[in-house]
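Data first, discussion second: the structure below is written as structure tokens.
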């Protein structure tokens with residue numbers, strides 16, 4: 001057997017099970033990278049939209065005008081979605097007869113919590129796949145390696161004169177599975193940890209906005225009721 005076999009040659013000469021393991025790991029790696037690039041785009045857009053909304057919200061813009069502007073859009077995401085959900089529920093409850101300040105604020109906060117849950121789910125989409133790929137890919141690759149080495153030694157035992165040249169290609173075929181497992185796992189683990197950290201920061205920003213916005217609406221409600229007395 002030639003000593004300068006390429007990766008493709010080793011793949012073709014591997015057993016069927018090891019080939020299936022390699023193909024599975026290759027597919028996992030491709031899907032992982034697709035999700036990684038997708039999450040990079042989504043999280044970058046979410047951070048940009050959060051900054052733009054905060055700049056506009058804290059610039060002193062009229063809340064009714066801001067709500068109308070956001071509602072006119074086809075889709076509102078991020079902090080703007082929390083604002084629209086909270087402000088809409090606040091106006092509805094305030095117009096309802098018999099709604100106390102506590103009931104109004106509780107309903108407003110609940111509406112924003114539901115919107116927050118949706119936004120976090122959107123940001124965390126595909127992250128479980130990256131976590132799974134990062135945790136199990138090395139073991140899948142190791143399984144292919146063990147199987148390949150086992151077959152190599154079984155074949156070696158059937159010959160009378162064994163040499164390193166006879167077993168080396170088979171072991172090389174098997175070790176490729178481990179390498180592919182690591183190739184699929186390492187980027188997935190790094191991306192998952194990085195994205196999880198970014199999602200956590202965005203979620204904290206959304207939570208802080210909810211508290212601040214609730215305080216603003218609460219003060220506004222108390223002020224209006226004091227004026228009506």
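From a point 7 Å beyond the Cα of residue 220 in the direction of its Cβ, which residues of region 61-80 have a backbone N at a distance under 15 Å?
61-71, 80
When a footprinting reagent is the concern and you count Cβ atoms within 10 Å, what order do 135, 29 take, fewest first? If you can, show how the numbers build up before the last one.
Numbers: 135 13, 29 20.
Going from least to most buried by this count: 135, 29.
In whole percent, what relative contact order does region 7-222 give with Cα contacts below 8 Å and a gap of six or more residues?
Working: 198 pairs, mean separation 72.1, N = 216.
It rounds to 33 percent for region 7-222.
Over its Cα atoms, what ratio of radius of gyration to 2.2 N^0.38 Å does region 7-222 give? Spell out each step's value before the answer.
Numbers: Rg = 27.4 Å, N = 216, 2.2 N^0.38 = 17.0 Å.
Its radius of gyration relative to the 2.2 N^0.38 Å reference: 1.62.
Within a 10 angstrom radius of the beta carbon, how do 129, 90 rank from fewest other beta carbons to most? Provide the component values of the computation, followed by the final result.
On the way: 129 15, 90 25.
Ascending Cβ contact count within 10 Å gives the list 129, 90.
Can you put 91, 18, 61 in order, fewest other beta carbons within 10 Å first? List each step's numbers first, then the result.
Working: 91 16, 18 25, 61 11.
In increasing order of surrounding Cβ atoms, one gets 61, 91, 18.
Report P(r) for region 26-67: all Cα-Cα distances, bin width 10 Å, range 0 to the bin holding the largest distance, values in whole percent.
25, 29, 20, 15, 9, 1
Read-outs throughout are calculated quantities, based only on the coordinates presented, and are distinct from any laboratory measurement. Note that this is a predicted model, so its numbers are computed, not measured. Counting neighbours? That spans all protein chains shown, and the Cβs are built from the backbone with ideal geometry, glycine included.
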